[in-house]
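The values are calculated or read from the model by the stated rules, or taken from the named source; none is laboratory data. Owing to the predicted nature of the structure, the values given are computational and were not obtained by experimental measurement. Positions of Cβ are backbone-derived with ideal geometry, glycine not excepted, and every protein chain shown enters the neighbour counts. Ligands, DNA and RNA are stripped out before the accessible areas are found, and what is left, the full protein with its side chains, is counted by its heavy atoms. Shrake-Rupley method; radii C 1.70, N 1.55, O 1.52, S 1.80 Å.
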Amino acid sequence: MAGFEFLSPEGLRVDGRRPPELRRLQCKLGVFQQADGSAFLEQGNTKVLAAVYGPHDVSRRSQALHDKAVVNFQFSMATFSTSERKKRPKGDRRSIEMSLALKQTFESVIMTELYPQSKIDITVQVLQSDGGNQCVCINAATMALIDAGIPMKDYVCACTAGYIEDTPLLDLNYLEETARGPCLTVATLPKSGKIILLKVESRLHADTLEKVLGVAEKGCKQVHTVLDFTVKDNLKHEISAFQ
């Protein structure tokens, strides 16, 4: 996008945010009665539905693991989620790759050893896409798992960061993601600060990488603050409903 200004002379981005500012994040738990846990999460204009089913028995014994639960993850995008309106066949390459990446991320966090010979199904669907799809799916799935009461080692909080016009930017929207600049996708465990997912798109100098990674980690902490508040607030409402 030659000639396009991603930062105004005042230092504002195209959506009015400052470079280190997170998009507005809001979440609602328990949106599906049929699921064991569910969440609807909006991060900017990216909107994702997540549902969790299980733990339940594995239909085929050959698929069961004797010492832990099997985690199945399914990612999809609604045909109306982008302006392209392209129909994607179920199980297309990009969806399969995303499903695998998300599955691996959560396998390391869910305490699967508590549910041997069982299965946990997690589904996420992007209803509206405006950047950071993988991160928003991770945050939504985390909330759905919490809603389902499935034990995890910690929250999984994710955020993107980029480097445009010599400036680190937090939580990229679609326009910024497609600027062909470096983009980091990071997921962390807030208590330990451990990074469990780090994906780098485009080359980035080591010194710049450190700066952008630092911005992304701060973003993950901000995400955790919002998600944790949402969980505690939801719990307060549930307790008051029984009183």
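Just to verify a result, which residue in the stretch 32-50, among those that are open to solvent by less than 10 Å² (accessible area, probe 1.4 Å) and among the hydrophobic types (A, V, I, L, M, F, W, C), is nearest to Asn139 (Cα to Cα)?
Taking the stretch 32-50 and keeping what is open to solvent by less than 10 Å² (accessible area, probe 1.4 Å), we get 37-39, 41, 43, 46, 48, 50.
Remaining after also requiring among the hydrophobic types (A, V, I, L, M, F, W, C): 39, 41, 48, 50.
Details: Ala39: 9, Leu41: 8, Val48: 9, Ala50: 9 Å.
Selected residue: Leu41.
What is the number of the single condition among (1) outside any helix (DSSP H, G or I); (2) open to solvent by less than 50 Å² (accessible area, probe 1.4 Å); (3) at pLDDT 95 or above; (4) of a type in the set (Ser, Thr, Tyr) that Tyr53 does not meet? With respect to (1) outside any helix (DSSP H, G or I); (2) open to solvent by less than 50 Å² (accessible area, probe 1.4 Å); (3) at pLDDT 95 or above; (4) of a type in the set (Ser, Thr, Tyr), Tyr53 is out only on (2).
Can you pull out the strands (runs of 3 or more DSSP E) entirely within the stretch 90-175 that have at least 3 residues that are open to solvent by 10 Å² or more (accessible area, probe 1.4 Å) and polar (S, T, N, Q)?
On the way: elements: 118-128, 157-164, 167-170.
Qualifying strands (runs of 3 or more DSSP E): 118-128.
Before we move on, is Val231 modelled with pLDDT of 95 or more, surrounded by 11 or more Cβ atoms within 10 Å (Cβ to Cβ) and in a helix (DSSP H, G or I)? The answer is yes for Val231. Looking at the structure I just gave you, is Glu21 under 20 Å from Thr178 (Cα atoms), modelled with pLDDT of 95 or more and more than 15 Å from the chain's Cα centre (by Cα)? When the stated conditions are applied, Glu21 passes them.
Among all positions in the stretch 211-219, there is at least one residue which is of a type outside the set (Asp, Glu) and over 30 Å from Ile146 (Cα atoms). A single entry from Leu204, Leu175, Leu189 fulfils the requirement of being touching an Asp or Glu at 6+ places or on another chain (Cβ under 7 Å) and either in contact (Cβ under 8 Å) with a residue 60 or more places away in the chain or hydrophobic (A, V, I, L, M, F, W, C) (or both): Leu189. Across the stretch 176-215, the number of residues qualifying as assigned to a loop (DSSP other than H, G, I, E, B) and either open to solvent by 70 Å² or more (accessible area, probe 1.4 Å) or of a type in the set (S, T, N, Q) (or both) comes to 7.
Residue count for the stretch 59-83 satisfying the condition of being within 19 Å of Lys103 (Cβ to Cβ) and at pLDDT 85 or above: 11.
Looking at Leu197, Leu127, Leu170, Leu189, which one is touching a Pro at 6+ places or on another chain (Cβ under 9 Å) and of a type in the set (A, V, I, L, M)? Spell out the reasoning first.
Numbers: Leu197 fails: touching a Pro at 6+ places or on another chain (Cβ under 9 Å); Leu127 fails: touching a Pro at 6+ places or on another chain (Cβ under 9 Å); Leu189 fails: touching a Pro at 6+ places or on another chain (Cβ under 9 Å).
That would be Leu170, the only listed residue that is touching a Pro at 6+ places or on another chain (Cβ under 9 Å) and of a type in the set (A, V, I, L, M).
Tallying residues that are of a type in the set (A, V, I, L, M), open to solvent by less than 40 Å² (accessible area, probe 1.4 Å) and in a loop (DSSP other than H, G, I, E, B) within the stretch 1-31 yields 1. Test Leu169 against the criterion of being closer than 24 Å to Thr142 by Cβ, more than 14 Å from the chain's Cα centre (by Cα) and not small (Gly, Ala, Ser), and give yes or no. When the stated conditions are applied, Leu169 passes them.
Within the stretch 51-80, work out how many residues are within 15 Å of Ile138 (Cα to Cα) and among the aliphatic types (A, V, I, L, M).
Quick first cut of the stretch 51-80, residues within 15 Å of Ile138 (Cα to Cα) only: 51-52, 71-77.
Then drop every residue that is not among the aliphatic types (A, V, I, L, M), which leaves 51-52, 71, 77.
Count: 4.
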